[in-house]
1. With the crude spin-label approximation of a point 7 Å out along Cα→Cβ, what separation in nm comes out for B:Ala347 versus B:Arg523?
2. Would you list the P(r) distribution for the range B:436-480, with all Cα-Cα distances sorted into 5 Å bins from 0 and each bin expressed as a whole %?
3. Within 10 Å, Cβ to Cβ, of B:Leu489, how many net charges do the neighbouring residues add up to if Lys/Arg are +1 and Asp/Glu are -1?
4. Taking each residue in B:545-557, count the Cβ atoms of any other chain within 10 Å of its Cβ, then average. What number comes out?
5. Give me the distance in nm between label points sitting 7 Å out from Cα along the Cα-to-Cβ direction at B:Arg506 and B:Ala465, one decimal.
6. Averaged over A:176-184, how many beta carbons belonging to a partner chain fall within 10 Å of each residue's beta carbon?
7. Say R0 is 56 Å: what FRET efficiency, to the nearest 0.05, do B:Trp538 and B:Ser269 get from their beta-carbon distance?
8. Run the quick spin-label model on B:Arg62 and B:Thr380: label points 7 Å from Cα toward the beta carbon, then report their separation in nm to one decimal.
Amino acid sequence: MRVGDAAGLSLVDRVRQGAAPATALAERATDRVLPVRPSLAPLLPWGGLRRGSTVAVEGSASLLFALLAEASEAGAWCAVVGLPALGAVAAAEAGVATERLALVPFPGPDVAAVAAALMDGMDVVVLGGTARLSAADGRRLAARARQRGAVLVPYGAWQGADLELSCTEGRWHGLGAGHGHLRSREVTVRARGRGAASRPRSARMLLPAAAGESAAGSTGTGTGTATTPLHRVPAQRAKAG
Amino acid sequence: MAAAPRDVPVRTIAVWCPDWPVVAAAAAEGLPPHVPVAVVADNRVIACSAVARADGVRRGLRRREAQSRCPGLVVLPADPDRDARWFEPVVVAVESLAPGVEIVRPGVVVVPARGPVRYFGGDEAVAERLVDHVAGQAGTECQVGIADGVFAAVLAARRGVVVPAGGTPGFLGPLDIGELDLPGEAEGGRAAPTRAHPGGTATATGSGGAHPRSGGAHPRSGGAHLGSGRAHPGGTSGSGRADLVDLLRRLGLRTLGAFAALPTRDVVSRFPADGALAHRLARGLDPRPPSARRPPPELTVEVEPDPPVDRVDAAAFAARSLAERLHEVLTHHGLACTRLGIEAETAHGEQLARTWRHEGALTAADISDRVRWQLEGWLTGRTGDRPTAEVTRLRLVPEEVVEHAGLQLGLWGGLGESGERAHRALTRVQGMLGPEAVLTPVLGGGRGPAEQVRLVPWRDERAPALDPAAPWPGRLPAPAPATVLPEPLAAEVRDESGEPVGVTGRHAVTAPPHLVVVRGKSREVRAWAGPWPVDERWWDGDAARRRARFQVVVEGETALLLVLEGGRWWVEAIYD
């Protein structure tokens, strides 16, 4: 049955090349796209995590958690391979359902085989230690994700990702000179990729958001120091049409 | 083996060991019988010994209260594995007198009565022989009951009575409706229910509704049922039966007889599937509808563990994967297993076999538990026939199956299906790397970002390491750091004049931190806060730890969690 999915997916892919915004809704309707937070949705050409795609995240574990949170909350199963430094408390605060989160912190020498096996059953597979993988392994894993309808999320540099997300221009709030505590960080999340995502996009948001906001899954007006969303460049939303 | 199931139940002997969790726990701990013992799960007494009971300890009491009633009480944690392990000698003892033993749960076995009764010349004679033999061989007290059908036989065993053939409806009639719930309690974690007095009547049973079977009572339910999606909705155990009993009670049906008097048609049309099953039980009929059938042989699953299983932990892993395969096969056929044969073959060609019975449908986790218990029972071998070599072949034979609509997957492949798929993939990775390689985080109490997380192997019990409800002074406010270093990184923190920053005994900073040096790279501090002092285990000289945590934001807007301990600074986590 999976083979049939793969065929359907490639068809959807071809359609998507032509009209990205129009297909976004259709794909979501057929459960081909896992939901993401409203603040992140405009950055993703499909308005969410499209099954079969490779979305690389660089430099910020908070961004990684924010990306997974909505899908995880909605019932998706996530696996994290090769990231022993994962802050599970932060993941839970961001909204990742820990009971559907599996960790393989030390996957041994054959990371690719472990990740491939996980993609058979998990909806999202996060892959750390990407520097140790060869380019060929990377291509094979991306193909596997496409075939299995999983979302591959390399955490680190990755060649040929459908989309790369990174954080810049961070600014922490809440901490003073000897008083206060870290509350939230304002960052610019940049997205660039191939195909429908080739046009770079960016958005300013809170990562991590102040306590209380993350639970709601949105980055609405903040408590205290900062308010979000600040502004988005360019303002392009999937639901515009 | 038992006669084929018919509408008229088979005359059955039940052997019941009272207070089994206590007996097993006391045996495992080597406690003498005069010591009062209670087994506790979720801080509530689930079973206690007769000595403890004489002092006023009862099921359902809080641990503290039980201890106050009986100061010398030895409190032991509940452990279904231990209960099952120590039960094997009893099974062997019963089996040596009467063939065809089926284990209902640790503490209760049933055996068809026809053969032994004829051989020993009468119901009472068999009962007497069994009690003597179990006491002699296994060193355990037991009570025997004989009646038509497993349900009635187990109830008879609790009262130590022999119900004459055909007298079962009359025996069941006056019993409290709560009895419907108790014998169904086949889940391992809810250990065998014990009664204030074995001969007690409806008054003691009345507590059936109040005993601690709240959601969390099953210590394994969290992890164990995760992968199997939802619990079987049409199943008989669990809160479904408790709800049914509660409903019947509110309807004014206080005895089994009153429930049995309802017309079957009305019961079937007004209650869920389990209600119809309970109705059959109350009427003294065989619980399974006559359609229960002998399964075709292709449902049998088999595995040759490589390497051969000789240790209990390896057995558990083999049990789990095999149980899942069986469950998958059965689900595929729309069937559920009510009697499970577990067979093993050792390197020396020994054949071991044991049958487990379950009133409802066995879920994947149920099957896995039973296989694990049985293997542990054999491998830890407290009986004479401990296998002389490791287990080389393991076979699960569903000896009796029923149609089971409750296990159908959702029409659109909902969470249940994706959960099963995810679970299969994770199990496969566990097979590749070992069970401890695939973990899932369980959040609990604690102060540091690492302390709050306990990583448990996939499908193990999801219990936090530290009490999440307790107050944890010195815990940092949210948000938590997204990257927690597995090994803290040594650091230096200096003030403006280049002197190291420290913390006084009164938790005051000697000077505001100005520079943080990590791996030879120094960065200026833009903002900081702290200390969050942590005084752990100050009452214990060796384990005591004094630490102070700081949050700093350094150049490049990198936020770090620093910890100062014994004059040395460490980077514990990064907010990235």
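1. Label at B:Ala347, label at B:Arg523, 5.6 nm between them.
2. 5, 24, 28, 21, 12, 8, 2
3. Its environment carries a net charge of -1.
4. Per residue, the average neighbour count from other chains is 2.
5. Simple spin-label model gives 3.5 nm for this pair.
6. 6
7. In this case the efficiency is close to 0.25.
8. Here the answer is 3.1 nm between the modelled labels.
Values quoted throughout were computed directly from the atomic coordinates according to the rules given, and no laboratory measurement underlies them. For clarity, every value in this text was computed on a predicted model and none was experimentally measured. All Cβ positions, glycine included, derive from the backbone under ideal geometry; neighbour counts span all protein chains shown.
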